[in-house]
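Asks: Shown below is the structure under consideration.
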Amino acid sequence: MAQNPITCHILDTTTGKPAANVVCSIYRVYVSESDDNEDQSIETQNVQILARARTNQDGRIPQWVFNPDPSLRNLLASNGIEEVDHQLLWKKLLRGYYKISFQTGLYFKSQGQTNFHPLVDILFYVDSSSRHYHIPLLLSNYGYTTYRGS
């Protein structure tokens, strides 16, 4: 994949501007699904961090930063992230659940503002490795929304 298969950006709707310098982390989430007719549920079983980055001046993550610790190479490789020319690249997106965690409390604190949601976690399902997934976050001090971007 030439581009990251999962991207995100943040728009601060209180200012109408991109939210820069927000720490974002992306996780692979393993779940168990219950599908009996009376009690359908999805429960998180395990969460593994894949990468972290800060939004740029346009509120976007241009490149995820994968943990370079050699002891994590098997974990990264099992999630389609490979080392190419001494650089970790997301080569294949695997079907399954993912989560992006946005550290919004630190962002608003840096702006001298208070907010209600110090951390926004967006859990989503990847159903095809051949598609690009874009996760936008529209953010204000006391609320947020998201949608399946393009």
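The values are calculated or read from the model by the stated rules, or taken from the named source; none is laboratory data. Computed from a prediction, not measured in an experiment: that's the story for all the values here. When we count neighbours, we look across all protein chains shown, and the Cβ atoms used for this are built from the backbone with ideal geometry, even at glycine.
Asks: Of all residues in region 15-29, which are in a loop (DSSP other than H, G, I, E, B) and within 14 Å of residue 108 (Cβ to Cβ)?
Replies: Filtering region 15-29 for residues in a loop (DSSP other than H, G, I, E, B) gives 15-16, 19-22.
Answer for region 15-29, where residues must be in a loop (DSSP other than H, G, I, E, B) and within 14 Å of residue 108 (Cβ to Cβ): 15, 19, 20, 21, 22.
Asks: Please go through region 115-149 and give me each residue that is farther than 18 Å from residue 21 by Cβ and hydroxyl-bearing (Ser, Thr, Tyr), ordered by number.
Replies: Hits for region 115-149 are 125, 128, 129, 130, 133, 142, 145, 146, 147.
Asks: Within region 115-147, which residues are surrounded by fewer than 13 Cβ atoms within 10 Å (Cβ to Cβ), of a type in the set (S, T, N, Q) and modelled with pLDDT of 95 or more?
Replies: 145
Asks: Looking at the structure I just gave you, is residue 109 among the basic types (Lys, Arg) and in a helix (DSSP H, G or I)? Give the derivation first.
Replies: Details: among the basic types (Lys, Arg): yes; in a helix (DSSP H, G or I): yes.
Judged against the criteria, residue 109 is a match.
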